[in-house]
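K.L.:
Below is a structure I'd like to ask you about.
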Amino acid sequence: MLSVLLLMILSQSAQNGAGQPVAKPQTATQTAPADDPAQDAENPPILVVGRLPHCQPRPGDPLDDVDMAPAAAQSRQQVIKRDPATGVLGIFPDDDPVTGPDIWQRAGTRMDQYVFRIPEDGAPLCIGARSGGPHGWGQLRQVVDARPYRGKILRVTMWAASQKAGRVWFWVASGRPGKPSATARADMATETGQFEFRGSHTWTPISLTMGPVRCDQEKLSFGVMLDGPGDLWIYQPRLEVVGSQSAREAERDCDALKPKR
């Protein structure tokens, strides 16, 4: 099952200065007609406060100290992770490393072209282009073990806002077993929920649904990508289980994946 739901913004207030911290979505009252379908507990009206500022690094973030020379030298998909031998943070060919929940990975083809902010207090996250014409893209994502989610239907939700963004993608995906190398990534499943928007958007609720996760899947990833100029902010990203297969259905689907004799 694959569905993508985008509920657009209902109202906007006066603009504030661009240097102000980005305001979180706030619940408002009496901003939509009483018969509006968005007037319910899951999709309350939203009041946007202020104009989006440019993304700025979080002071003291150790990922900002990583040498970006490898990202600038070659436009290929890479990720910041710890060297398995030394434990030192660096840029490596992207193999979708499983790091567990709440760990946001920086990845992309030209991470040197982007600014990232990952606060530790639950504040909004962001990706921002360093110039008006960056080459490549930058990603913020989580990659988790898929085994606890096999047979489950998943939903990823978040708030998103953008300012003059070239292209923004949201996705949730699962990965099959693979042997990643410097030239090949782990094989990714085709059951991928994704949604794209461009330009400037006030706080917008995003929901992506995927599943059931097949029994041969090893990794789950979800996140956002900024390709091109502008700034993207996200708030309260969450992965949750919203349904599951019956034992009989799961057994049937697993049998269908077995090699034919």
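The values are calculated or read from the model by the stated rules, or taken from the named source; none is laboratory data. Quick caveat, the model's predicted, so the values are computed rather than measured. Backbone-built Cβ (ideal geometry, glycine too); neighbour counts: all protein chains shown. Accessible surface is based on the protein model in full, side chains and every heavy atom, while ligands, DNA and RNA are left aside. Shrake-Rupley method; radii C 1.70, N 1.55, O 1.52, S 1.80 Å.
K.L.:
Roughly how many nanometres apart are two label points built 7 Å out from the Cα toward the Cβ at Ala73 and Val242?
P.N.:
Reported label-point gap for Ala73 and Val242 is 4.4 nm.
K.L.:
In nm, to one decimal, how far is the modelled label at Glu251 from the one at Phe92, with both set 7 Å along Cα→Cβ?
P.N.:
In this crude spin-label approximation the distance works out to 4.0 nm.
K.L.:
Then there's this: So, in Å, what gap is there between the alpha-carbon centers of region 91-129 and region 52-73?
P.N.:
Comparing the Cα centres of region 91-129 and region 52-73, I get a distance of 9 Å.
K.L.:
Once a ≥ b ≥ c are taken as the square roots of the eigenvalues of the Cα gyration tensor of region 42-172, is the result rounded (a/c under 1.5), prolate (a/b larger than b/c) or oblate (a/b not larger than b/c)?
P.N.:
Oblate, since a/c reaches 1.5 and b/c is not below a/b.
K.L.:
Turning to a different aspect of this structure: Could you tell me the accessible area of Arg176 in Å² (1.4 Å probe, neighbours in place), rounded to the nearest ten?
P.N.:
Counting only protein heavy atoms, Arg176 exposes about 60 Å² to solvent.
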